């Protein structure tokens with residue numbers, strides 16, 4: 001048997017010993033050097049998704065808040081508490097026009113009082129007519145009596161004239177009273193002073209929380225804003241001035257932009273319909289308050305007063321980029337890039353030139369493989385990289401969890417993944433020490449292989465030595481070497 005074949009056989013034996021003795025710790029190193037081990041465990045499967053689906057599905061995902069389009073201005077409708085309301089002509093949510101009747105008063109009592117007053121006016125006028133007739137009679141009689149008797153007639157006439165003056169005063173007062181009653185009858189309805197939508201009606205003068213409130217509130221049409229609400233657990237995530245995207249609930253492609261103009265922490269919603277219950281560490285359950293916040297829109301074209309919308313923080317999700325872009329969390333990069341080297345800098349280029357970034361991709365046999373990619377621009381706000389080459393929108397990829405290795409079976413149905421398989425139950429506490437590179441870029445076996453002249457070590461830190469006492473070393477290209485028995489130069493196990 002040739003020396004080369006013996007070297008290959010010994011290498012296989014050493015690899016088997018290493019795999020059995022060190023568990024998953026050396027799996028990537030062994031599979032990388034011995035391609036015929038790359039079919040993977042029959043139990044291990046990973047879920048892969050199409051690149052285009054990943055970017056369309058998760059692009060711009062952020063917290064969403066419910067919102068309602070309302071008017072920048074509103075006005076309160078007050079009613080006369082001394083009068084009885086006959087009918088409320090509108091309902092909450094109804095759109096009203098300027099001059100439209102909102103409320104009518106009961107005028108039956110007023111009309112009765114007017115009728116009674118008219119009778120009194122008629123009586124007073126009759127009295128005045130009678131008094132005038134009496135004066136006319138006395139004046140005629142005074143002309144036929146002696147001079148010394150005329151004084152008595154004059155006194156009677158003056159008394160009657162005084163009574164007429166009183167009656168005229170009573171008549172004027174009664175006419176004013178009738179005019180007042182008639183004015184109330186003529187103003188027996190309350191109308192809208194401008195177009196808008198009825199926001200609320202409080203027939204008893206109190207809102208749902210028992211606070212004093214106007215009878216009716218109407219949101220005026222014109223300049224719109226969006227009112228949202230956020231619970232006390234998450235209110236710290238918002239701040240005034242933050243840019244937002246307002247998205248239609250009916251058509252997700254229809255959006256508007258704006259900024260948070262106000263967060264009203266002084267008026268939390270207290271009603272049971274506006275909050276939810278939370279449990280504290282000591283087991284107490286209490287209502288969590290919600291707080292309103294308001295969006296000032298750049299443009300309200302196409303919005304309808306009262307329309308329900310979604311509110312999202314603007315993280316660039318509406319920007320359209322040319323080419324293929326992928327989230328940074330799917331890209332395994334060199335150690336330096338994950339540990340403080342800013343993306344897009346010269347330092348990153350130097351590191352990538354030495355050890356290029358890659359993505360875990362399903363090949364044509366639905367087996368997992370490393371696919372090295374060329375990166376372009378970096379969007380720090382979205383944590384997205386432009387992919388210049390090495391990957392297409394039709395490729396299927398998986399998220400680079402620790403312990404992945406080439407040859408794992410790829411499936412597009414997550415239900416087919418067995419999470420009890422060895423891949424997902426690796427017996428180590430620190431995920432950064434086994435398998436391939438973890439997402440945070442900690443050194444894995446691949447980086448370790450590049451360290452020429454260093455021995456392999458077990459999980460507990462002790463040096464791995466095969467049972468025959470030989471030492472397996474690593475060459476520059478990562479292949480295992482065995483010292484020759486006759487002290488000649490070691491041969492590389494291919």
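The values are calculated or read from the model by the stated rules, or taken from the named source; none is laboratory data. Note that the structure is predicted; figures quoted are calculated from it, not measured. Note: ideal-geometry Cβ built from the backbone for every residue, glycine included; neighbour counts use all protein chains shown.
Looking across the range 189-204 at every residue that is more than 25 Å from residue 223 (Cα to Cα) and in contact (Cβ under 8 Å) with a residue 24 or more places away in the chain, the one that is surrounded by the fewest Cβ atoms within 10 Å (Cβ to Cβ) is identified as 203. Residue selection: residue 222 satisfies the criterion of being on the phi > 0 side of the Ramachandran plot and modelled with pLDDT under 90. Put simply, of 157, 178, 164 the only residue that is assigned to a helix (DSSP H, G or I), over 20 Å from residue 82 (Cα atoms), in contact (Cβ under 8 Å) with a residue 24 or more places away in the chain and not assigned by TED's automatic domain parsing to the domain that holds residue 72 is 164. Candidates 291, 310: the one that is assigned to a strand (DSSP E or B), at pLDDT 90 or above and in contact with a helix residue (DSSP H, G or I) (Cβ under 9 Å, 6 or more places away or on another chain) is 291. In the range 12-122, counting only strands (runs of 3 or more DSSP E) that sit wholly within it, the ones holding 1 or more residues that are more than 30 Å from residue 395 (Cα to Cα) and modelled with pLDDT of 70 or more span 64-71, 74-77, 85-88, 101-105. If you go through the range 379-397 and keep only what is at pLDDT 90 or above and out of contact with any helix residue (DSSP H, G or I) (no Cβ under 8 Å at 6 or more places or on another chain), you end up with 386, 387, 388, 389, 390. If I ask for residues that are closer than 23 Å to residue 180 by Cβ and loosely packed, with under 15 Cβ neighbours inside 10 Å, which ones from the range 62-82 would you list? The answer is 78, 80, 81, 82.
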